[in-house]
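The structure appears below as structure tokens.
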Amino acid sequence: MSSVFTLQEAADELGVHYMTAYRYVRLGQLEAVKVAGAWQVADSAISEFRDGAASGPVAPGESAPWATRLEDRLVAGDAQGAWGVIESAMASGSDVRSVYLELLAPAMVSIGARWASGEFNIAVEHQATSIAMRIIGRLGPRCLRRGRSAGSIILGAPTGESHGLPTAMLSDLLRLHGWDVVDLGANTPAESFAHSVRQSTSLKAVGVSVTNPSHLSEAEVCCRAVKEVQADVLVVVGGSGVGEVNVEDLGADARAVSADQLHELLLAQ
């Protein structure tokens, strides 16, 4: 039968100061849960930590379970600890692109799946998303590239779509490629897409994100509204809600499943 320790007891077991054990938790290195305002650590978590420590620190270029550590901190609602995991990953060699694609995106996909399975309340997912958006806010300035812009892109999610995280991450990944991006975020009406197109210069493409297939009809309205304003602009749809739908039926020109694929579509124009 497994035992549960307080954080002070866990620190004693590991032979470290309480604040050192606390730092391990905040960095996602020592698994712990908060119960009634106090950290609790299972003996199995202590064993796993010891096994990891025995194998030595993660060297630059080597892999580590950063996404799992980040997911643990996001689920716990631990914003400071989540950022600590990001900093540790970057100190070990991860760049901003890797943080988005190999840490943040997998962690949020897993959290969404766990919520959908009924493992925890939607409040956990919302809290995790809020922390993830704050992380993107801190990483965003590192995605800006100097030099001449490759052109501008408008991104957004149609009316009814409440998920703004995908376009926020996609925006930064495209900025790394040298594009100027206007992110309209979630729940954007078709007229707002059209308005942004009218206001844009050097516009290369408009991307419409759909995470829920029930919003495909709203996505179609957005795509067609864009084409009414500028018929020759590239309209691309993406997201888990698009599935195998014929994009031409949505009034779009193409489908993209990643920032790199969208970048390639733009270069081919």
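The values are calculated or read from the model by the stated rules, or taken from the named source; none is laboratory data. Not measured: the values here are computed from a predicted model. Cβ coordinates were reconstructed from backbone atoms using ideal geometry, including for glycine residues, and neighbour counts include every protein chain displayed. For the accessible areas, the whole protein counts, side chains as well, though only heavy atoms, and no ligand, DNA or RNA atoms are used. Shrake-Rupley method; radii C 1.70, N 1.55, O 1.52, S 1.80 Å.
Averaged per residue, the chain has 50 square angstrom of accessible surface, using a 1.4 angstrom probe with ligands and nucleic acids left out.
Counting only protein heavy atoms and a probe of 1.4 Å, the accessible surface of the chain is 50% carbon and sulfur. The charge dipole of segment 125-208, taken about its Cα centre with unit charges on the Cβ of Lys, Arg, Asp and Glu (plus for the first two, minus for the last two), comes to roughly 520 debye. Once the convex hull of all Cα atoms in segment 109-151 is built, its volume per residue stands at 90 Å³. Measuring with a 1.4 angstrom probe and ignoring ligands and nucleic acids, residue 177 comes out at about 50 Å² accessible.
Rounded, prolate or oblate: pick one for segment 61-193, where a ≥ b ≥ c are the square roots of the eigenvalues of its C-alpha gyration tensor, a/c under 1.5 means rounded, and failing that, prolate if a/b is larger than b/c, else oblate.
Judged from the Cα gyration tensor, segment 61-193 comes out oblate (a/c at least 1.5, b/c at or above a/b).
Net charge of the neighbourhood of residue 26, taken over other residues with C-beta under 15 Å away and scored Lys/Arg +1, Asp/Glu -1, is -1. Remark: spin-label model distance residue 102-residue 264 equals 2.0 nm, labels positioned 7 Å along the Cα→Cβ axis.
Estimated from helical segments only, the mean residue ellipticity of the chain at 222 nm is -14500 deg cm²/dmol, where each DSSP H run of four or more residues counts as -39500 (n - 2.57).
Provide, as a two-decimal number, the C-alpha radius of gyration of segment 194-269 over 2.2 N^0.38 Å, N being how many residues it has. Provide the component values of the computation, followed by the final result.
Working: Rg = 11.7 Å, N = 76, 2.2 N^0.38 = 11.4 Å.
This ratio for segment 194-269 stands at 1.03.
Take every DSSP beta bridge whose two residues both sit in the chain; close to 25 percent of them are antiparallel. May I ask for the distance between the Cα centers of segment 189-256 and segment 121-137, given as a whole number of Å? Taking the Cα centre of segment 121-137 as reference, the centre of segment 189-256 is 26 Å away. Remark: the Cα gyration tensor places segment 1-52 in the rounded category, a/c being less than 1.5.
Considering only the Cα atoms of the chain, their convex hull presents on average a projected area of 16.3 nm². Remark: segment 120-269 projects, on average over all directions, an area of 8.9 nm² (convex hull of Cα atoms). The overall shape of segment 159-232, judged from the alpha-carbon gyration tensor, is oblate: a/c is not under 1.5, and a/b is no greater than b/c. Between residue 38 and residue 4, the modelled labels are 1.1 nm apart [label points 7 Å from Cα along Cα→Cβ]. Computed 3J(HN,Hα) for segment 116-133, one whole-Hz value per residue from the Karplus formula 6.51 cos²θ - 1.76 cosθ + 1.60 where θ = phi - 60°, is 4, 7, x, 5, 8, 5, 4, 4, 5, 5, 5, 5, 4, 5, 4, 5, 4, 5, glycine and proline marked x.
In the context of the full protein assembly, residue 5 retains an accessible surface of approximately 50 Å², using a probe radius of 1.4 Å and ignoring ligands and nucleic acids.
Tell me the chymotrypsin sites (Phe, Trp or Tyr not before Pro) within segment 90-162 that lie in a loop according to DSSP and have at most 15 other beta-carbon atoms within 10 Å. Walk me through the numbers on the way to the answer.
Values: sites: 100, 115, 120; in loops: 120.
Of the chymotrypsin sites (Phe, Trp or Tyr not before Pro), the ones in loops of segment 90-162 whose Cβ has at most 15 other Cβ atoms within 10 Å are 120.
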